[in-house]
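Novice: The structure that follows is given in the form of structure tokens.
The values are calculated or read from the model by the stated rules, or taken from the named source; none is laboratory data. Everything numeric in this text was worked out from a predicted model, so none of it was measured. All Cβ positions, glycine included, derive from the backbone under ideal geometry; neighbour counts span all protein chains shown.
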Amino acid sequence: MTSDLVYHVAGAGLLAIALWRLATCRDTLRRITALNVLAIGIAMVLLASGHDPATGVTNPVPQAFVLTGIVVLVAVTAALLALAERLEGSSDE
Amino acid sequence: MTTLPSVLGTGLIAAGVGFLAVAAIGFWRLPDLLSRLHVLTKADTAGLSLVALGAACLTGTPASILPLGLCVLLTAISGATVGHLVARSVTPRGGRS
Amino acid sequence: MLDFLAFVALLATLAALPRLVVGPSAADRIIAAQLAGTGTVATLILLGAATGTSALHDVALVFAALAAVSGLAFVALRSPRR
Amino acid sequence: MIAFDLALAAGILLCAVSALTRRDRTASVAAFMVLGLLVALSWVRLAAPDVALAEAAIGAGLTGALFLRAARRLGPLRPAAGRTLAVPAALVASGLGGGLAWVFASASPPAIYAPLVAASLPESGVSNPVTAVLLNFRAWDTLLEIAVLVVALLVANLLGSRRLVPVSLGEMTLPFARIVAPISILLAGHLLWQGSSAPGGAFQAGAVLAGGLLALVLAGLAPTGTLVVRGALIAGLSGLAVFLIAALGSEALTGSLLGYPNRAEKVWIVAIEAALTLSIAATLCLLFTGFEKRKTS
């Protein structure tokens, strides 16, 4: 029980830090990083709530969601970074 | 429980973890980048090899020895390559010639 | 015993963090990340040995195989001709 | 092991804070890379080895390289003006975080899905519950996920992100490439094949394959001509095509979309996964290397 609680709290902490930086930062790269941290926090809360400490088994449905989320996130991050690089290039010219 | 392989394995793992800890301290204490690179290429590789060797002693099945050996091989090569490339990229001549 | 050793390996991994934060040059920070990668592989091997799950060997192997990619990216993107 | 968990959680939070507050771009990216490593360890502790494999493959290889490229191209961080929102934002964010921690810690999650999945596992044709969920019970979600990958690929293509021009890094990278690239291809095949019965599967295998290819590209050892890029683009799009054809084929054969024919489920799943592996690897590689060859000033 306690071990799950640690990851619950850590996931919520990641979420809070990421939301705070998303709201206060103006830098594009920093915001994309914050989005990634936010996704990690959500994944951690999901997996920790799906973990059953009695049997030591984690619910496969949240696992599949998180797995899907990781792959979607890296694709979205790449597209966002391409967009940021393009914006930067056009503002300099 | 206290058979020879398990004692040997635990000892090797303890030695390996000791190497890793020394590497961490050295990485913090060494004065410049080029000396800190030694930590990555030597102490860390030695520590990981000892850990993997100890883990192989503890489990002792071929199915686990193969991935452990590959782990050591891959990290040794990666560490050496990255260390070399980083060192070359920070030397003034750019490492050409 | 193995639990404790895994904990020490984790601490050795985390010990790369201060150098990552203060490390004067960019190369120092990347090397710190590489060092943390090696430490993570060792921690994974120890966790696998402590709990007897062989699936962790695959995770360690994936880390070991791809450890150099970010270091290579750093050097390749830094070189003058890009 | 509670000490391990506490140290790991502290390390994760520290990494997140330094990734989001350091002014030095490289420090921020490196801290994010270490965050990926530590998070993979925490997935292992939460008994989710499938997720840990994917996080390892993507966090160790791709994300770091992507962010390094962006940091390089975006230049140093500009000093930001205006801190008026900082305090209210901090209050709202910590309130949300604290509330979430309290809700999840106090609520006991209903155990509906795990027994359901365990009960219908024999019908799915595979014995790894995560693969069963991904490619049989909720295959629709996975189909849409591949569609998202394709959309990201098209967005990057439309934006015309600059193509990375590889430089040769010298002879020292040759032994590295000769050993690491074949091993990562073998590892991808191994993960793909064992995905039906043990942790592994298309996503992990695709990410590992992409990492191996990326190492070759970065070392200047892989061709990145226009033909190669076009071929990779077709490979990236083919995953969605194969998945759609499989969906229509299963509709024609069994009358339900992605309801595989009886006793042939494993064949269908492994075939779809093989196509997805190649397509995911090609997509991730292309997203890093870019498409258009443009003069960089």
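Novice: Filter region D:35-75 down to the residues that are among the charged types (D, E, K, R) and in contact with a Leu (Cβ under 8 Å, 6 or more places away or on another chain) and list them by number.
Specialist: Passing the criteria: D:R45, D:D50, D:R69, D:R72.
Novice: Another question, then. State all residues of region A:1-41 that are more than 7 Å from chain D (Cβ to nearest Cβ) and within 14 Å of D:L46 (Cβ to Cβ); if no residue qualifies, say none.
Specialist: Selection gives A:M1, A:D4, A:G11, A:G41.
Novice: Yes or no: region B:65-85 includes at least one residue that is β-branched (V, I, T) and surrounded by fewer than 19 Cβ atoms within 10 Å (Cβ to Cβ). Spell out the reasoning first.
Specialist: The initial filter retains those residues of region B:65-85 that are β-branched (V, I, T), namely B:65, B:72, B:75, B:77, B:81-82.
Next, only the ones that are surrounded by fewer than 19 Cβ atoms within 10 Å (Cβ to Cβ) stay: B:65.
Yes, region B:65-85 contains at least one residue that is β-branched (V, I, T) and surrounded by fewer than 19 Cβ atoms within 10 Å (Cβ to Cβ).
Novice: Limited to region D:219-233, what total is found for residues that are assigned to a helix (DSSP H, G or I) and more than 19 Å from the chain's Cα centre (by Cα)?
Specialist: Residues flagged as assigned to a helix (DSSP H, G or I) and more than 19 Å from the chain's Cα centre (by Cα) within region D:219-233 amount to 6.
Novice: Among the aliphatic types (A, V, I, L, M) and over 14 Å from the mean Cα position of the chain (by Cα) - does that describe any residue in region C:55-63?
Specialist: Checked against the condition, which is being among the aliphatic types (A, V, I, L, M) and over 14 Å from the mean Cα position of the chain (by Cα), region C:55-63 yields at least one hit.
Novice: Within region A:14-35, can you find the residues that are crowded, with 23+ Cβ neighbours inside 10 Å and of a type outside the set (A, V, I, L, M)?
Specialist: Those that are crowded, with 23+ Cβ neighbours inside 10 Å and of a type outside the set (A, V, I, L, M): A:R21, A:T33.
Novice: If only one of D:G97, D:G59, D:G64 is in a helix (DSSP H, G or I) and more than 15 Å from the chain's Cα centre (by Cα), which one is it?
Specialist: Every option except D:G97 fails the conditions.
Novice: Does B:T75 satisfy the criteria of being more than 22 Å from C:A9 (Cα to Cα), part of a helix (DSSP H, G or I) and at the interface with chain C (Cβ under 10 Å from one of its Cβ atoms)? Outline the logic, then answer.
Specialist: On the way: more than 22 Å from C:A9 (Cα to Cα): no; part of a helix (DSSP H, G or I): yes; at the interface with chain C (Cβ under 10 Å from one of its Cβ atoms): yes.
Spelling it out, it is not the case that B:T75 is more than 22 Å from C:A9 (Cα to Cα), part of a helix (DSSP H, G or I) and at the interface with chain C (Cβ under 10 Å from one of its Cβ atoms).
Novice: Mind listing whichever residues of region D:238-297 are crowded, with 20+ Cβ neighbours inside 10 Å and outside any helix (DSSP H, G or I)?
Specialist: Residues satisfying the conditions are D:L258, D:Y260, D:G290, D:F291.
Novice: Answer yes or no as to whether D:L116 is assigned to a helix (DSSP H, G or I), within 7 Å of chain A (Cβ to nearest Cβ) and either surrounded by fewer than 17 Cβ atoms within 10 Å (Cβ to Cβ) or modelled with pLDDT of 85 or more (or both).
Specialist: Considered against the rule, which asks whether it is assigned to a helix (DSSP H, G or I), within 7 Å of chain A (Cβ to nearest Cβ) and either surrounded by fewer than 17 Cβ atoms within 10 Å (Cβ to Cβ) or modelled with pLDDT of 85 or more (or both), D:L116 comes out as no.
Novice: Hey, could you check region C:9-52 for residues that are part of a loop (DSSP other than H, G, I, E, B) and at the interface with chain B (Cβ under 7 Å from one of its Cβ atoms) and say which is surrounded by the fewest Cβ atoms within 10 Å (Cβ to Cβ)?
Specialist: Applying the filter and picking the extreme gives C:S25.
Novice: Please count how many residues of region D:119-143 are surrounded by fewer than 21 Cβ atoms within 10 Å (Cβ to Cβ), facing chain A (nearest Cβ under 9 Å) and within 16 Å of the chain's Cα centre (by Cα).
Specialist: 1
Novice: Consider D:D50 carefully, then state whether it is in contact with a Pro (Cβ under 9 Å, 6 or more places away or on another chain), surrounded by fewer than 22 Cβ atoms within 10 Å (Cβ to Cβ) and either touching a residue at least 12 places away in the same chain (Cβ under 8 Å) or not assigned by TED's automatic domain parsing to the domain that holds D:V208 (or both).
Specialist: On the way: in contact with a Pro (Cβ under 9 Å, 6 or more places away or on another chain): yes; surrounded by fewer than 22 Cβ atoms within 10 Å (Cβ to Cβ): no; either touching a residue at least 12 places away in the same chain (Cβ under 8 Å) or not assigned by TED's automatic domain parsing to the domain that holds D:V208 (or both): yes.
It is false that D:D50 is in contact with a Pro (Cβ under 9 Å, 6 or more places away or on another chain), surrounded by fewer than 22 Cβ atoms within 10 Å (Cβ to Cβ) and either touching a residue at least 12 places away in the same chain (Cβ under 8 Å) or not assigned by TED's automatic domain parsing to the domain that holds D:V208 (or both).
Novice: Could you please find all residues in region D:54-107 being in contact with an Asp or Glu (Cβ under 7 Å, 6 or more places away or on another chain), surrounded by 15 or more Cβ atoms within 10 Å (Cβ to Cβ) and at pLDDT below 80?
Specialist: D:L77
Novice: Hey, among the residues in region A:48-88 that are closer than 15 Å to D:A156 by Cα and more than 7 Å from chain D (Cβ to nearest Cβ), which one's modelled with the lowest pLDDT?
Specialist: Among those residues, the one meeting the criterion is A:L87.
Novice: Still on this structure, I have one more. Considering each residue of region D:18-35, count those that are β-branched (V, I, T) and more than 7 Å from chain C (Cβ to nearest Cβ), and give that number. Steps first, please.
Specialist: First pass over region D:18-35, keeping only residues β-branched (V, I, T): D:21, D:26, D:29, D:34.
Narrowing the set further to residues that are more than 7 Å from chain C (Cβ to nearest Cβ) leaves D:21, D:29.
Matching residues across region D:18-35 total 2.
Novice: Take the residues in region D:192-211 that are facing another protein chain (nearest Cβ under 7 Å) and under 24 Å from B:T81 (Cβ atoms), then tell me which one is surrounded by the fewest Cβ atoms within 10 Å (Cβ to Cβ).
Specialist: D:G211
Novice: Something else about it: Of the residues that sit in region D:167-191 and are more than 7 Å from every other protein chain (Cβ to nearest Cβ) and assigned to a loop (DSSP other than H, G, I, E, B), which one is modelled with the lowest pLDDT?
Specialist: Applying the filter and picking the extreme gives D:S168.
Novice: Name the single residue, out of those in region D:36-50 being more than 10 Å from chain C (Cβ to nearest Cβ) and in a helix (DSSP H, G or I), that is farthest from C:T51 (Cα to Cα).
Specialist: D:V39
Novice: Still on this structure: Given the residues A:T55, A:T33, A:T77, which is the only one that is over 16 Å from the mean Cα position of the chain (by Cα), β-branched (V, I, T) and either within 27 Å of D:S18 (Cα to Cα) or part of a loop (DSSP other than H, G, I, E, B) (or both)?
Specialist: Numbers: A:T33 fails: over 16 Å from the mean Cα position of the chain (by Cα); A:T77 fails: over 16 Å from the mean Cα position of the chain (by Cα).
Criteria check complete, one pass: A:T55.
Novice: Of a type in the set (S, T, Y) and under 21 Å from the mean Cα position of the chain (by Cα): which single residue out of D:T254, D:T289 fits that description?
Specialist: Being of a type in the set (S, T, Y) and under 21 Å from the mean Cα position of the chain (by Cα) holds for just one of D:T254, D:T289, which is D:T289.
Novice: Search region D:151-163 for residues being at pLDDT below 80 and surrounded by fewer than 19 Cβ atoms within 10 Å (Cβ to Cβ), and hand back the single one that is nearest to the other protein chains (Cβ to nearest Cβ). Can you show your working first?
Specialist: Initial filter on region D:151-163 (at pLDDT below 80): D:160-163.
Subset that is surrounded by fewer than 19 Cβ atoms within 10 Å (Cβ to Cβ): D:160, D:163.
Working: D:G160: 7, D:R163: 11 Å.
Step by step, filter region D:151-163, then rank; the result is D:G160.
Novice: Let me ask something additional. Which residue, of D:V44, D:V17, is surrounded by 24 or more Cβ atoms within 10 Å (Cβ to Cβ) and either of a type in the set (A, V, I, L, M, F, W, C) or more than 24 Å from C:M1 (Cβ to Cβ) (or both)?
Specialist: On the way: D:V17 fails: surrounded by 24 or more Cβ atoms within 10 Å (Cβ to Cβ).
Every option except D:V44 fails the conditions.
Novice: A further question on this structure: Give just the number: which of (1) at negative phi; (2) in contact (Cβ under 8 Å) with a residue 12 or more places away in the chain does B:G60 not satisfy?
Specialist: With (1) at negative phi; (2) in contact (Cβ under 8 Å) with a residue 12 or more places away in the chain applied to B:G60, the lone miss is (1).
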